[in-house]
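Engineer: Below: one structure in structure tokens.
The values are calculated or read from the model by the stated rules, or taken from the named source; none is laboratory data. Worth saying up front: this structure is predicted, and the values here are computed from it rather than measured. Note that we place each Cβ from the backbone using ideal geometry, even for glycine, and neighbour counts take in every protein chain shown. Quick note on the areas: whole protein, heavy atoms, side chains included, nothing else; ligands and nucleic acids left out. Shrake-Rupley method; radii C 1.70, N 1.55, O 1.52, S 1.80 Å.
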Amino acid sequence: MSDYNFAYLDEQTKRMIRRAILKGLAIPGYQVPFASREMPMPYGWGTGGVQVSAATLTPDDTLKVIDQGADDTTNAVSIRKFFERTANVGTTEETSKASVIQTRHRIPEEDLREDQILVYQVPIPEPLRFLEPSEVETRKMHSLEEYGLMHVKLYEDIAQHGAIATSYAYPVKVEGRYVMDPSPIPKFDNPKMEMAAIQLFGAGREQRIYALPPYTQVVSLDFEDYPFEASKAEHACDLCAAEDSYLDEVIMDDAGGRMFVCSDTDYCASRRKAGHVGAQGTNLEEDAA
Amino acid sequence: MIEIEGLSKTFTLHNQGGVVIPVMEGGALSVARGECVGLVGTSGAGKSTLMRMIYGNYLAASGRILVDGLDVTKAEPREILALRRQTLGYVSQFLRVVPRVATLDVVAEPLLAVGVHAEAARETARGLLTRLRIPERLWSLSPTSFSGGEQQRVNIARGFAHEYPCLLLDEPTASLDAANRETVLGLIDEAKARGAAIVGIFHDEAARDRVCDHTVDVSIFTPKAA
Amino acid sequence: MTTPLLEVRDIAKFYGHRIGCDKVDFDLYPGEVMGIVGESGSGKSTLLNCLAGHLTPDAGQVRFEMRTGEMADTVTMSEPERRMLSRTDWAFVHQHARDGLRMNVSAGGNVGERLMAVGARHYGNIREEAIDWLGRVEISETRVDDRPTAFSGGMQQRLQIARNLVTGPRLVFMDEPTGGLDVSVQARLLDLLRGLVREMGLSAIIVTHDLAVVRLLADRLMVMKDGHVVESGLTDQVLDDPQHAYTQLLVSSVLQV
């Protein structure tokens with residue numbers, strides 16, 4: 001056991017954050033201000049998500065941390081180690097075994113369950129920010145449901161690119177009320193947000209928490225003649241042959257060689273374990289042999 | 001159509017020591033439908049002042065000016081505007097228009113203001129400009145660049161575009177050649193024939209004698225020994 | 001008998017002990033254009049902002065005829081109602097186009113914003129309407145995707161007008177709409193505004209210090225000095241036969257050309 005209080009934050013702070021989370025769950029999509037603490041990591045490295053996770057974790061929880069879908073990147077490894085040390089909780093890379101999943105920029109491919117919590121790291125929680133710089137004004141716009149401006153952004157996309165070019169952090173409307181930034185997940189993930197698990201969003205620098213209770217209606221904004229599309233690269237995973245997962249494009253050499261692989265490393269690995277082999281993949285059993 | 005009684009007018013020059021200049025007292029005038037009354041009097045006697053008061057451009061100190069039943073001296077701005085739109089036309093000596101607007105549209109505007117369809121309004125405007133010998137190549141240009149005589153004729157065309165029941169004409173034939181003068185007098189005759197009540201100022205005595213049914217010397221309204 | 005579109009009763013606004021405007025009282029009827037003139041600091045902009053809901057007056061009422069026909073006091077109505085009015089039935093044309101435009105959004109997006117704000121969700125229709133309005137304010141269709149930063153001052157001002165009028169407002173507030181523009185550009189804008197006012201049957205309140213502008217645009221005039229209305233009436237009557245000392249000074253101070 002370490003000398004830290006469980007999960008680093010003191011109990012009063014966790015209570016304060018829990019109150020913000022409960023308020024967020026009670027008003028889905030509404031940005032609840034909270035007194036964000038200094039964390040032993042810089043802003044932009046998931047301080048919001050870490051504080052929400054800290055307030056959510058119990059000693060019995062099993063934590064999974066992913067960054068762009070991967071369990072093995074610096075950000076994911078650091079945060080996982082942080083909680084291993086400060087909370088002494090069990091950790092896993094398997095989506096199905098985790099009770100709390102902290103994520104940056106992805107939703108796992110595997111459907112989440114009612115006994116799971118997904119915690120998002122959010123850089124800029126205000127979806128209206130890019131067109132309206134005033135916080136006073138954006139809060140008023142939320143409270144009065146004046147969301148025309150959100151469509152101006154999509155209009156500009158179509159006018160400039162011929163299609164809605166926003167491919168991540170694609171704005172959604174929650175239960176027909178609040179317009180919400182889903183954090184920079186690819187729009188491919190947007191439809192998954194209507195899920196069984198609780199979703200919590202933490203923005204450390206901006207000091208905002210918002211939340212979606214299970215099975216909340218989440219609609220991606222669009223135009224009648226330019227409907228929302230959850231797009232992905234037109235490929236199958238080169239390692240596990242999955243056709244339904246979100247893919248990363250990996251440059252292999254300086255001669256134009258590249259491959260598409262699942263961004264969700266756990267999903268890809270479990271498919272390969274089950275014997276699926278992609279165009280550039282090898283059979284795992286043979287590898288081991 | 002036009003009934004004026006006990007009309008007086010003073011100018012107070014606040015910025016020149018508050019001097020009060022009485023310019024009219026006991027003004028009276030009556031114009032029936034189809035009648036043309038000429039205002040006469042020496043220069044400065046108040047002919048234009050009286051005309052401007054009828055039009056609501058100058059405020060009266062006392063008295064009343066009934067135009068088609070509306071007392072202009074007490075009317076609300078919007079009532080006067082409605083009167084000017086529907087009932088009371090005014091051909092001043094000077095053309096005052098928005099720069100850049102084509103002559104044809106300047107002439108058609110009074111018709112558009114009373115809801116005439118744009119094409120019909122332009123048709124009427126074309127007819128009047130043709131009668132008043134404004135060359136067609138000028139119709140699409142702004143009249144601000146025209147000669148004095150041309151501007152005067154555009155002004156007349158504009159004043160006669162809508163068939164106002166009352167018309168105020170301030171020197172309509174000044175600076176016109178014989179042929180155009182004849183045309184304008186013809187327009188006045190036609191307006192009288194359709195029942196318009198007209199008040200006019202004509203320095204051109206022959207024109208005055210031809211169209212006016214009688215004249216009123218406004219000098220009798222000039223305050224004595226102010 | 002027509003009823004007023006706007007009834008303004010005893011509006012007052014104070015900045016501490018200093019008077020912004022006081023005891024302002026008038027009715028505006030449908031289709032009427034009223035000018036408010038006065039020098040800087042006369043309270044004309046304060047008054048305009050009180051009328052348009054940008055400032056809360058300290059006293060008085062601003063009653064507006066809603067589409068339902070009833071008169072509602074816009075000073076005491078709820079903020080959502082007032083903001084809804086300012087997106088639909090009201091328009092506000094700022095002196096500086098950059099105060100009234102989104103400079104980082106294309107011309108089409110600027111015009112379309114009010115449509116989207118009232119629920120338009122068909123891109124093709126929004127764009128078509130935006131292009132139609134650009135045409136009405138004499139901006140070429142080819143500029144629809146350009147940002148206003150690439151426009152001249154006159155074009156920016158015309159774009160601001162299109163953006164405001166696209167939802168068919170009934171009352172337009174204008175704050176020095178021709179200020180800062182070249183004389184030739186002013187004339188074009190004035191002509192455009194006159195045409196739109198007539199075609200759409202707009203009522204408008206125009207604040208300006210330019211007497212030539214009100215002579216061409218306004219039916220009625222209110223002259224303000226030190227926060228008070230010193231004279232009002234038919235525009236040409238006030239300008240040609242001014243009664244108040246201050247109006248006489250104002251009119252005689254205009255340079256003749």
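Engineer: Can residue C:32 be described as surrounded by 15 or more Cβ atoms within 10 Å (Cβ to Cβ) and farther than 25 Å from residue C:209 by Cβ?
Structural biologist: So residue C:32 does not fit the description; no.
Engineer: Of everything in the stretch C:27-42, what is within 19 Å of residue C:250 (Cβ to Cβ) and assigned to a strand (DSSP E or B)? Give them in sequence order. Give the derivation first.
Structural biologist: Let us first name the residues in the stretch C:27-42 that are within 19 Å of residue C:250 (Cβ to Cβ), namely C:34-42.
Correct list: C:34, C:35, C:36, C:37.
Engineer: Something else about it: Those residues that are buried (at least 20 other Cβ atoms within 10 Å of the Cβ) and of a type in the set (S, T, N, Q), I need them from the stretch C:35-53; list them, please. Lay out the reasoning, then the answer.
Structural biologist: The first filter runs over the stretch C:35-53 and keeps only residues buried (at least 20 other Cβ atoms within 10 Å of the Cβ), leaving C:35-38, C:42-53.
Result: C:42, C:45, C:46, C:49.
Engineer: Another question, then. Go through the stretch C:186-257 and tell me which helices (runs of 4 or more DSSP H), entirely inside it, have 1 or more residues that are more than 11 Å from every other protein chain (Cβ to nearest Cβ), out of contact with any Gly (no Cβ under 8 Å at 6 or more places or on another chain) and within 17 Å of residue C:36 (Cβ to Cβ).
Structural biologist: Details: elements: C:211-217, C:235-240, C:245-252.
Filter on the stretch C:186-257 gives C:211-217.
Engineer: Kindly establish whether residue A:164 is part of a loop (DSSP other than H, G, I, E, B), touching a residue at least 40 places away in the same chain (Cβ under 8 Å) and either open to solvent by 20 Å² or more (accessible area, probe 1.4 Å) or under 14 Å from residue A:30 (Cα atoms) (or both). Before you say what the answer is, go through the steps one by one.
Structural biologist: Numbers: part of a loop (DSSP other than H, G, I, E, B): yes; touching a residue at least 40 places away in the same chain (Cβ under 8 Å): yes; either open to solvent by 20 Å² or more (accessible area, probe 1.4 Å) or under 14 Å from residue A:30 (Cα atoms) (or both): yes.
Against the criterion (part of a loop (DSSP other than H, G, I, E, B), touching a residue at least 40 places away in the same chain (Cβ under 8 Å) and either open to solvent by 20 Å² or more (accessible area, probe 1.4 Å) or under 14 Å from residue A:30 (Cα atoms) (or both)), residue A:164 qualifies.
Engineer: Would you say residue A:107 is under 15 Å from the mean Cα position of the chain (by Cα) and crowded, with 20+ Cβ neighbours inside 10 Å? Working first, answer last.
Structural biologist: Values: under 15 Å from the mean Cα position of the chain (by Cα): yes; crowded, with 20+ Cβ neighbours inside 10 Å: yes.
Yes, satisfied.
Engineer: Any idea how many residues of the stretch B:24-54 are in contact with a Ser or Thr (Cβ under 6 Å, 6 or more places away or on another chain) and within 14 Å of chain C (Cβ to nearest Cβ)? Please lay out each step first, then the result.
Structural biologist: Keep residues of the stretch B:24-54 that are in contact with a Ser or Thr (Cβ under 6 Å, 6 or more places away or on another chain), which gives B:24-25, B:38, B:40-41, B:45.
Next, only the ones that are within 14 Å of chain C (Cβ to nearest Cβ) stay: B:24.
Within the stretch B:24-54, residues that are in contact with a Ser or Thr (Cβ under 6 Å, 6 or more places away or on another chain) and within 14 Å of chain C (Cβ to nearest Cβ) number 1.
Engineer: Given A:209, A:158, which one is part of a strand (DSSP E or B) and surrounded by 19 or more Cβ atoms within 10 Å (Cβ to Cβ)? Let's see the steps before the verdict.
Structural biologist: Numbers: A:158 fails: part of a strand (DSSP E or B).
Selected residue: A:209, the only one of A:209, A:158 that is part of a strand (DSSP E or B) and surrounded by 19 or more Cβ atoms within 10 Å (Cβ to Cβ).
Engineer: Turning to a different aspect of this structure: Condition check: away from chain A (no Cβ under 14 Å), part of a loop (DSSP other than H, G, I, E, B), more than 27 Å from residue C:49 (Cβ to Cβ) and open to solvent by 40 Å² or more (accessible area, probe 1.4 Å). Does residue C:138 satisfy that? Reasoning before the result, please.
Structural biologist: Numbers: away from chain A (no Cβ under 14 Å): yes; part of a loop (DSSP other than H, G, I, E, B): yes; more than 27 Å from residue C:49 (Cβ to Cβ): yes; open to solvent by 40 Å² or more (accessible area, probe 1.4 Å): yes.
Answer is yes for this residue.
Engineer: Looking for whichever is on the phi < 0 side of the Ramachandran plot and in a helix (DSSP H, G or I) here; the options are B:106, B:97. Which one fits? Let's see the steps before the verdict.
Structural biologist: Values: B:97 fails: in a helix (DSSP H, G or I).
Exactly one residue qualifies, and that residue is B:106.
Engineer: Test residue C:159 against the stated conditions and say whether it is touching a residue at least 60 places away in the same chain (Cβ under 8 Å), hydrophobic (A, V, I, L, M, F, W, C), surrounded by fewer than 21 Cβ atoms within 10 Å (Cβ to Cβ) and more than 11 Å from every other protein chain (Cβ to nearest Cβ).
Structural biologist: On the way: touching a residue at least 60 places away in the same chain (Cβ under 8 Å): yes; hydrophobic (A, V, I, L, M, F, W, C): yes; surrounded by fewer than 21 Cβ atoms within 10 Å (Cβ to Cβ): no; more than 11 Å from every other protein chain (Cβ to nearest Cβ): yes.
No: the conditions fail for residue C:159.
Engineer: Hey, can you tell me all the residues within the stretch A:115-145 that are touching a Pro at 6+ places or on another chain (Cβ under 6 Å) and surrounded by fewer than 22 Cβ atoms within 10 Å (Cβ to Cβ)? Write out each step before concluding.
Structural biologist: Applying the first criterion (touching a Pro at 6+ places or on another chain (Cβ under 6 Å)) to the stretch A:115-145 yields A:127, A:144.
A:144, the sole residue that qualifies.
Engineer: Take the stretch C:66-89 and flag every residue that is under 22 Å from residue C:229 (Cβ atoms) and either open to solvent by 40 Å² or more (accessible area, probe 1.4 Å) or within 17 Å of the chain's Cα centre (by Cα) (or both). Full working, then the answer.
Structural biologist: First, pick out the residues of the stretch C:66-89 that are under 22 Å from residue C:229 (Cβ atoms): C:71, C:73-75.
Within the stretch C:66-89, C:71, C:74 qualify.
Engineer: Okay, next question. Where in the stretch B:156-226 are there strands (runs of 3 or more DSSP E), lying fully within it, with 3 or more residues that are open to solvent by less than 20 Å² (accessible area, probe 1.4 Å) and either under 22 Å from residue B:120 (Cβ atoms) or not polar (S, T, N, Q) (or both)? Can you show your working first?
Structural biologist: Numbers: elements: B:166-170, B:197-201, B:214-217.
Those strands (runs of 3 or more DSSP E) span B:166-170, B:197-201.
Engineer: Given the criteria open to solvent by less than 30 Å² (accessible area, probe 1.4 Å) and either among the small types (Gly, Ala, Ser) or at positive phi (or both), does residue C:108 qualify? Before the answer, list the steps.
Structural biologist: Numbers: open to solvent by less than 30 Å² (accessible area, probe 1.4 Å): yes; either among the small types (Gly, Ala, Ser) or at positive phi (or both): yes.
Yes.
Engineer: Kindly establish whether residue A:248 is outside any loop (DSSP other than H, G, I, E, B), of a type outside the set (Gly, Ala, Ser), open to solvent by less than 80 Å² (accessible area, probe 1.4 Å) and within 26 Å of residue A:171 (Cα to Cα). First the steps, then the outcome.
Structural biologist: Details: outside any loop (DSSP other than H, G, I, E, B): yes; of a type outside the set (Gly, Ala, Ser): yes; open to solvent by less than 80 Å² (accessible area, probe 1.4 Å): yes; within 26 Å of residue A:171 (Cα to Cα): yes.
Taking the combined requirement at face value, the residue satisfies it.
Engineer: Right, another one. Which residues, taken from the stretch A:132-155, are of a type in the set (D, E, K, R), more than 8 Å from every other protein chain (Cβ to nearest Cβ) and not in a helix (DSSP H, G or I)?
Structural biologist: If the condition is that a residue be of a type in the set (D, E, K, R), more than 8 Å from every other protein chain (Cβ to nearest Cβ) and not in a helix (DSSP H, G or I), then A:132, A:145 are the ones that fit.
Listed here are the residues, each with its yes/no results for (1) charged (D, E, K, R); (2) outside any helix (DSSP H, G or I); (3) within 14 Å of chain A (Cβ to nearest Cβ).
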| site | (1), (2), (3) |
| --- | --- |
| C:49 | no, no, no |
| C:60 | no, yes, no |
| C:81 | yes, no, yes |
| C:84 | no, no, yes |
| C:95 | no, yes, no |
| C:105 | no, yes, yes |
| C:111 | no, no, yes |
| C:114 | yes, no, yes |
| C:145 | yes, yes, yes |
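Engineer: For the stretch C:164-180, does any single residue satisfy the condition of being within 14 Å of chain B (Cβ to nearest Cβ) and either open to solvent by 10 Å² or more (accessible area, probe 1.4 Å) or outside any strand (DSSP E or B) (or both)? Lay out the reasoning, then the answer.
Structural biologist: Here is the first cut: in the stretch C:164-180, the residues within 14 Å of chain B (Cβ to nearest Cβ) are C:178.
Subset that is either open to solvent by 10 Å² or more (accessible area, probe 1.4 Å) or outside any strand (DSSP E or B) (or both): C:178.
Scanning the stretch C:164-180 turns up at least one residue that is within 14 Å of chain B (Cβ to nearest Cβ) and either open to solvent by 10 Å² or more (accessible area, probe 1.4 Å) or outside any strand (DSSP E or B) (or both).
Engineer: Would you point out the residue of the stretch A:90-104, among those that are open to solvent by 10 Å² or more (accessible area, probe 1.4 Å) and of a type outside the set (Gly, Ala, Ser), that is nearest to residue A:202 (Cα to Cα)? It would help to see each step written out before you state the result.
Structural biologist: From the stretch A:90-104, those open to solvent by 10 Å² or more (accessible area, probe 1.4 Å) are A:90-94, A:96-97, A:99, A:104; that's our starting set.
Restricting the remaining residues to those that are of a type outside the set (Gly, Ala, Ser) gives A:91-94, A:97, A:104.
Working: A:91: 21, A:92: 22, A:93: 22, A:94: 23, A:97: 23, A:104: 11 Å.
Filtering first and then ranking leaves A:104.
Engineer: Of all the residues that make up the stretch A:5-36, how many are in a loop (DSSP other than H, G, I, E, B), of a type outside the set (S, T, N, Q) and surrounded by 15 or more Cβ atoms within 10 Å (Cβ to Cβ)?
Structural biologist: Start the filter on the stretch A:5-36 by keeping residues that are in a loop (DSSP other than H, G, I, E, B), which leaves A:5-10, A:27-31, A:34-36.
Checking the rest, the ones that are also of a type outside the set (S, T, N, Q) come to A:6-10, A:27-30, A:34-35.
Those left that are additionally surrounded by 15 or more Cβ atoms within 10 Å (Cβ to Cβ): A:6-9, A:27-30, A:34.
Number satisfying all stated conditions: 9.
Engineer: Could we say that residue B:129 is part of a helix (DSSP H, G or I), crowded, with 18+ Cβ neighbours inside 10 Å and of a type outside the set (Gly, Ala, Ser) here?
Structural biologist: Yes; evaluated as a whole, the condition is true for this residue.
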